[in-house]
1. Cross-link candidates for Lys214: which lysines have Cα within less than 22 Å, leaving aside residues fewer than 8 places away along the same chain?
2. Looking at Asn77, Val89, Thr60, which one has the Cα that reaches farthest to the positive end of the dipole of the range 55-106 (charges on Cβ: Lys, Arg +1; Asp, Glu -1)?
3. For the range 29-78, report the accessible area per residue in Å² (1.4 Å probe, heavy atoms, rounded to an integer).
4. Sort 25-35, 192-202 by the packing proxy (mean of other Cβ within 10 Å over each peptide's residues), most packed first.
5. Ordered by packing density, taken as the mean number of other Cβ atoms within 10 Å over each peptide's residues, highest first, how do 103-113, 42-52 rank?
Amino acid sequence: MEFIIEEGKCLDQGNFNSDSGNVGQLAVDLLVSSTRAERIGYLDDPYILPCVGNDAYGPTPCGELALPLEAYDSRNNRVALVQQRSPVVKGMMVGFAKNLADFAVAAGMNHVLVLSSLEFMRLQKIDTSSGMQIYYLSSTNTDGTDDCCERLGWKKWQEYNPDQRTWKYLSTLAEGNARQDDNLPFEDEPEDEDYYPSLPFAALFSCFKAKGIKVTCLMCYCSEGDNTPEAFSLAEATSKLLGLSLDNSHEEGGKWRIPFSWRTLYGPPPDLSMF
């Protein structure tokens, strides 16, 4: 993975955010826009599919192109943000996660925050008493718990089991003690518990952890469709955990500065008179 930095700019050390899934991508959009982070460069990796688009944040065309993997820096908050806009090549997620972890080490990052969404249909217990629930997974303790996240009222994600076979295999891959093309003894008979370790956030978590970097995954369950409410919740959780300074009171979104690209994200709202 190569980091191409724009002329005259630099990456501050601090926290690092990547995303996996549509909700994570939308949440990072909110964080970049609301912290008024500056794009300082982009990452070039052979495992990321190419894509290009218009600037996602500026209210007027300025000739900036959005690329698959961009790096932003919020100097006031000493936070770096990485926005992933296109998927990873099939079968290369662990290789991509290793490259991203190597970049984080080289950049002197001390805490990585991974934002991700999970499939609502796989949620085992639905708690409707407190609205949308944020779940976390941390490398602070071997069981995935973290006192800071607990104090913020979040629930530790219960599907993480470091002793489960696929999580153990993923950890071995991340540590470089196995090849990804090694045949799994159970690949022909996958079980439900093998599903979550196969997701992108699991590879990112394992590879950052293997490098000795503190990593925290913030996650929420969602369904297909308009996921902007979940994105607000995930961005709010990130702001609380990192203590971000946001001053956008004059914006229509309150403290959140709505990205310009969201204006046509899901089209106009439905005509409520039909209900």
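The values are calculated or read from the model by the stated rules, or taken from the named source; none is laboratory data. None of the values given here were measured: they were computed from a predicted structure. Note that we place each Cβ from the backbone using ideal geometry, even for glycine, and neighbour counts take in every protein chain shown. All accessible areas refer to the heavy atoms of the entire protein, side chains included, with ligands and DNA or RNA removed. Shrake-Rupley method; radii C 1.70, N 1.55, O 1.52, S 1.80 Å.
1. Lys98, Lys155, Lys156, Lys168, Lys240
2. Comparing the listed Cα positions along the dipole, Val89 ranks first.
3. Using a 1.4 Å probe on heavy atoms only, each residue of the range 29-78 averages 49 Å².
4. Per-residue mean Cβ counts within 10 Å order the peptides as 25-35, 192-202.
5. Ranking, from highest mean packing down: 103-113, 42-52.
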